[in-house]
Ligand code: 6GU
């Protein structure tokens, strides 16, 4: 997969050299290209922002550098990238969206600073580049860069060959499948007793049916405790009698 990121802080993306994503890049599974938005300005100050029409606080990112940058990066490619603009007013970025992005050959992220990008840029590219305005949660960041790091990591780990163990994707909280709609429960490793805390004995029993049942109970309890709104949305048809007792 190819990922282009246009930003006034390309250095913000240094973490993409590290760990899982760094390795995926070295192995050629992920091709990340960073671009400095100011390279598409033409004044000595390399200006990318201006005051908002209609007044109000803050600054708005000018349309011209963005359009020149997007045209230069997306070019006249026969299969253009999907354009992702992070904004707190976008639609929620969920695991479902991450899965959809992981199926794309090419993503172009356009993270903004200040109060956002002049809306005419989104009007210009909306249809041509399948624009998506997305938010990573109900809080406000100082800019879209951190949101891009979050999205690239969520997408990259879904690409074929990036994770060593394919099961770790299917067992995730929010993954479709047997545990769909449930948060992941607690996990344990050796030693069996640590500072007086025991690993739940059932996990040492070798009884795989009982372990699966216990894990599902734990997942249900955690979902009810931490995300009651998710628990309320569980399909009653998929709950068995023992689920209901939890
Ligand atoms: Cl995508 N951008 C910014 N600036 N703030 C956010 C966000 C995005 N998602 C949640 N808050």
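Bear in mind that the values in this text are calculations on the coordinates, not laboratory data. Here the structure is a predicted model, which means the values were calculated and not measured. Glycine gets a Cβ as well: all are built from the backbone with ideal geometry, and neighbour counts include every protein chain shown.
The Rg/Rh ratio for the chain is 1.07, where Rg is the radius of gyration of the alpha carbons and Rh is the Kirkwood radius.
Looking at the chain, the DSSP beta bridges with both ends there are about 15 percent antiparallel.
Here the range 103-246 is described by how far its Cα atoms reach on the three principal axes: 61, 35, 30 Å, from widest to narrowest. To the nearest ten degrees, helix 63-74 and the longest principal axis of the Cα atoms of the chain are 60 degrees apart.
With contacts taken as Cα pairs under 8 Å and at least 6 residues apart, the range 38-171 reaches a relative contact order of 27 percent. With the Kirkwood sum run over all distinct C-alpha pairs, the range 22-124 has a hydrodynamic radius of 15.6 Å. Taking the square roots of 5 times each eigenvalue of the Cα gyration tensor of the range 120-191, largest first, gives ellipsoid semi-axes of 32, 16, 13 Å.
Packing, as the average of other Cβ atoms within 10 Å across residues, places the peptides 191-202, 102-113 in the order 102-113, 191-202, highest first. Between residue 193 and residue 9, the FRET efficiency estimated from the beta carbon spacing at R0 = 35 angstrom works out to 0.15.
With 0.36 nm allotted per residue and the present C-alpha distance subtracted, the residue 53-residue 204 stretch has 47.8 nm of extension available.
In the range 39-184, the DSSP beta bridges split such that about 20 percent are antiparallel, to the nearest 5.
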